[in-house]
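Peer 1: Structure incoming, see below.
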Amino acid sequence: MDLTLRPAAPEDAEICGKICYEAFAAIATRHNFPPDFPSPEIAASLLSGLIAHPGFYGAVAERDGRVLGSNFIDERSPIAGIGPITVDPATQDNRVGRRLMEHMLERVVPPRFPGVRLVQAAYHNRSLCLYSKLGFEARELLSTMQGPPISTEIAGYRVRTATEDDLITCNRLCHRIHGHERGGELLDAIKQGTARLVEHAGRVTGYATSIAFFGHAVGESNEELKALIGAADAYPGPGFLLPSRNGELLRWCLGHGLRVVQPMTLMSMGLYNEPAGAFLPSILL
């Protein structure tokens, strides 16, 4: 196929959003899971924001002027995050997705980025095989959690809004747990007013950009994550991502009325450190 790849432009948001919605809906429905996006308009709005953001790069695949799919990469922090990648269901199995992934991987060659991550739907065998062939390693089985807000406090763990004055402290905490900071994402969340942190014994011991599909959190222990989850008003998007092997936190969430919506897999290429604390990844990394 004579395929052309080019940078995404604002006018691509509508058609790419439609493809994004249809692609996720098709594979999810086939496996009896809810789609990641409730409508083409919501998907287009998300992609419009990514295209406009200077910290993201988007690529569009087209043939003879017809858009066939798109892919995005989050370049706000030292470890890059790929997604969402979507291909028109009518053109599946024509190597469009592979070309879009290879194009993005050309941008993350060290030393520019020491590592890259993505999260894929665990029931989607085809994407798991593609990413594995490209060199990604499966690192964590994740459970997408959703339900009514828990609305509870953890004694001794105070949650408050994060400000730019907290950025350095939170970055140090993230670096201690993951081996790298995620300051670009955190700064955006602070500016948007969604970032929260946890204070325990007179110091900052955890933070979250948001308890949501596109949000991440870190804490010295599960108590910080419980405090952040308990303080959230809602869990935007399909839900937040919880490492399934964290049995204590998973049982706590289930015991407070949350449910597992779908399984996902965290995959990485390049630098990856075993987390030295509790964490919730975002859909991007």
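Since every read-out is calculated from the coordinates, none of them should be taken as a lab result. Everything quoted here is computed from the prediction, not taken from an experiment. Cβ atoms come from the backbone with ideal geometry, glycine included; neighbour counts cover every protein chain shown.
Peer 1: Please compute the modelled spin-label separation between Glu137 and Asp233, points set 7 Å along Cα→Cβ, answer in nm with one decimal.
Peer 2: My value for the distance between the label points is 4.1 nm.
Peer 1: Can you find, among Pro89, Cys170, Ala276, the residue farthest towards the positive end of the dipole of the chain? Put +1 on the C-beta of Lys and Arg, -1 on that of Asp and Glu.
Peer 2: Toward the positive end, the furthest listed residue is Ala276.
Peer 1: Could you please tell me the mean projected area of the C-alpha convex hull for the stretch 146-280, averaged over all directions and given in square nanometres to one decimal? Provide the component values of the computation, followed by the final result.
Peer 2: Values: hull surface 31.0 nm².
Directional mean of the projected Cα hull area for the stretch 146-280 stands at 7.8 nm².
Peer 1: Hey, fewest Cβ within 10 Å first, where do Asp88, Asp233, Asp188 land in order?
Peer 2: By the 10 Å Cβ count, ascending: Asp233, Asp188, Asp88.
Peer 1: On to the next question. Would you mind calculating the relative contact order of the stretch 4-113 from Cα pairs under 8 angstrom and at least 6 residues apart, reporting the percent as a whole number?
Peer 2: RCO, the stretch 4-113: 26 percent.
Peer 1: Between Asn125 and Lys191, what length in nm is gained on full extension when 0.36 nm per residue of separation is reduced by their alpha carbon distance?
Peer 2: Roughly 20.0 nm would be gained on extension.
Peer 1: Once a ≥ b ≥ c are taken as the square roots of the eigenvalues of the Cα gyration tensor of the stretch 1-48, is the result rounded (a/c under 1.5), prolate (a/b larger than b/c) or oblate (a/b not larger than b/c)? Write down the numbers at each step before the final one.
Peer 2: Values: a/c = 3.67, a/b = 1.48, b/c = 2.49.
Oblate is the answer for the stretch 1-48, as a/c is 1.5 or above yet b/c matches or exceeds a/b.
Peer 1: What ranking of Val261, Val87, Val116, Val109 emerges when the number of other C-beta atoms within 10 Å of each C-beta is taken as an exposure proxy, fewest first? Provide the component values of the computation, followed by the final result.
Peer 2: Values: Val261 17, Val87 24, Val116 27, Val109 10.
Exposure proxy ranking, most exposed first: Val109, Val261, Val87, Val116.
Peer 1: Dipole size in debye (nearest 20) for the chain around its Cα centre, Lys and Arg Cβ +1, Asp and Glu Cβ -1?
Peer 2: Around 540 debye, computed over the chain.
Peer 1: Sequence neighbours fewer than 8 away in the same chain don't count; with that in mind, list the lysines whose C-alpha is under 27 Å from Lys191.
Peer 2: Filter leaves Lys226.
Peer 1: Same structure, new question: Express in nm, to one decimal, how much length is gained between Ile42 and Asn273 on full extension, taking 0.36 nm for each residue of separation and deducting their alpha carbon distance. Could the numbers behind the result be given before it?
Peer 2: Working: separation 231, 0.36 × 231 = 83.16 nm, distance 3.41 nm.
Gain on stretching Ile42 to Asn273: 79.8 nm.
Peer 1: May I pose another question? Note down the relative contact order for the stretch 146-280 as a percent, whole number, built from C-alpha pairs under 8 angstrom at least six residues apart.
Peer 2: Normalised by residue count, the contact order of the stretch 146-280 is 31 percent.
Peer 1: Using modelled backbone amide H atoms (1.01 Å from N, in-plane), which distant-in-sequence or interchain residues come within less than 5 Å of Arg139's amide H?
Peer 2: Amide H to amide H, under 5 Å and 5 or more residues apart or across chains, Arg139 pairs with Leu266, Met267, Ser268.
Peer 1: Dividing the alpha-carbon Rg of the stretch 1-93 by 2.2 N^0.38 Å yields what?
Peer 2: 1.06
Peer 1: Arranged by the count of other C-beta atoms within 10 angstrom, fewest first, what order do Ile85, Ile177, Ile168, Ile229 take?
Peer 2: Fewest-to-most Cβ neighbours within 10 Å comes out as Ile168, Ile177, Ile85, Ile229.
Peer 1: So, one more: Among residues other than Leu271 whose Cβ falls under 14 Å from its Cβ, what is the net charge (Lys/Arg +1, Asp/Glu -1)?
Peer 2: Values: positive: Arg112, Arg117, Arg139, Arg182; negative: Glu137, Glu181, Glu274.
Taking every other residue near Leu271 into account, the sum is +1.
Peer 1: Given the C-alpha centroids of the stretch 268-285 and the stretch 32-50, what is the distance between them in whole angstrom?
Peer 2: Taking the Cα centre of the stretch 32-50 as reference, the centre of the stretch 268-285 is 24 Å away.
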